[in-house]
Amino acid sequence: MGRTGAAGANPSGYPEWVNAPAPIVLDSDPGIDDAVALQYLLGTGLWDLKAYTSVGGNLPAEGTYRNARSLSRALRIDADVPVHRGAGRPLSRLPYREASAFHGPAGLGNEDLPDSTAAHPTESSARALLRLSREYEGELTVCATGPLTNVAIAVLEDPGFAHRVKKFVFMGGAAQVPGNITPVAEFNIWADPDAAEVVLSSGIPFTMVDLDASHRWLFRPADLAALEAAGPGTALAARLMRTYMNAYTRHGGDGTCPLHDPLAVGVCGDESFVTAADGAVVVECGSELTRGQTVFVPADARRIYYSESPALTTRLRTTGRVALGPGPRDFTKDFVTTLPRRPATTTR
Ligand SMILES: [Ca+2]
C-alpha cells in the first residue's frame, strides 16, 4: 500500500527513509471534527494511513461507517486505504446515543457526500487493528477520535495488542476540567466507559488528549475565513466547520469551536501541541451519576492516594501521558495551514 501523505520532493535533503511516513490507523466516529481530522492527518505528510476504522458514537455504527467511506472518497484515498465497519454498540451498555445536535442529522453537517465505490471489507475494525498491530509490531500508531469500543475489543481478544502498538493517542476525557456531556464526563468516554477502562488499564502506551487541552485550541471566525479563502480543496472543511461553530454558538458558545479530534491527530506527531504529565487515568464505570468520569492520578502522587485499596494501588501503576492544557506549539495555526495541503473533492 502506497504512502498516503503529501507526496513531493523532500525539502530537507535527507534520504527519503529519514522522513518516511509512519504507519497509523485512524479509529473514528465521523462526525464533523473527525472528518477534518482525517483531512489534517493526510495533509501533514507524516503518516502512512493503513486503515480507517469506524466506530459507532456520534451516530450508530452504520452511519459512521457510511460517513467514513464517503470521506475516504472525498479525500481520494478509497483506492488505497480500507474503511472498516466498527462495533455496533458499546461493550455492555445501551446503543450509542447520536450527537446530531452538534454534527447534523447524518453526522456531517448538511453534506450529502457520495459513497465510495470500494468493496466492503469483511474484516471488522477491531480485527483490522489486531492484524495491523502484528504486521507493524512496535511501529504502529493508533489514533482514536471516537468511543474506544473497537480498541477495547482488540485488547480483550488479544491483550498482546496493547504491547505491540507503538503509541495510542485518543481524544477523550477530562482530567482537571468539567465534562461536556455531563458535569464530569466527556462524550467519547461517557459513550463507552467500560471500553475506555479496558484500554486504559491494558498497559497500552497512551496519550489522553482531553478537554483540558482541546477546549484551549479554538477555531475562530478568522480561521474559517482562511479556510474559505484557501480554495475549493478546503470548501468542504469550511462548510463543516461553519456548521460546527454554529452548533457551539447555539449551545452557549462565543462564536468559536474547539478542535477536539484534529488535536489528537496533531499530538500523534508532536506532543508539544499540549502540555502533558505522566499519570494513571481510571474511568468511572459503576455510577450513573459520574459515568465516564476520567479520574487523573498524577504519577508522583500515587503513594498518597488510595493507599488503603490494594486493587486501586495496582491499577494506578498503569500510567500514560495526560494532557493538562495547551502546549507551546500553536495547533490552530498548524491545522489551518495543513488542511489545504490535502484537498477534498465533493463532486460526484
Ligand atoms: Ca469523534
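The values are calculated or read from the model by the stated rules, or taken from the named source; none is laboratory data. Everything numeric here is computed off the predicted structure, so don't read it as measured data. Neighbour counts run over all protein chains shown; Cβ positions are idealised from the backbone, glycine included.
Which residues, taken from the stretch 295-313, are closer than 24 Å to A185 by Cβ and surrounded by 10 or more Cβ atoms within 10 Å (Cβ to Cβ)? I'd like the intermediate steps shown before the answer.
So in the stretch 295-313, the residues closer than 24 Å to A185 by Cβ come out as 295-299, 301-302, 305-306, 309, 311-312.
Passing the criteria: V295, F296, V297, P298, A299, A301, R302, Y305, Y306, S309, L312.
Which of the helices (runs of 4 or more DSSP H) contained wholly in the stretch 159-262 include at least 1 residues that are crowded, with 20+ Cβ neighbours inside 10 Å and acidic (D, E)? Spell out the reasoning first.
Details: elements: 161-164, 187-191, 193-200, 211-214, 221-229, 235-250.
Answer list for the stretch 159-262: 193-200, 211-214, 221-229.
Given the structure, is L129 under 18 Å from L240 (Cβ atoms), of a type in the set (A, V, I, L, M, F, W, C) and at pLDDT 85 or above?
no
Being basic (K, R) and part of a helix (DSSP H, G or I) is a condition met by no residue of the stretch 287-302.
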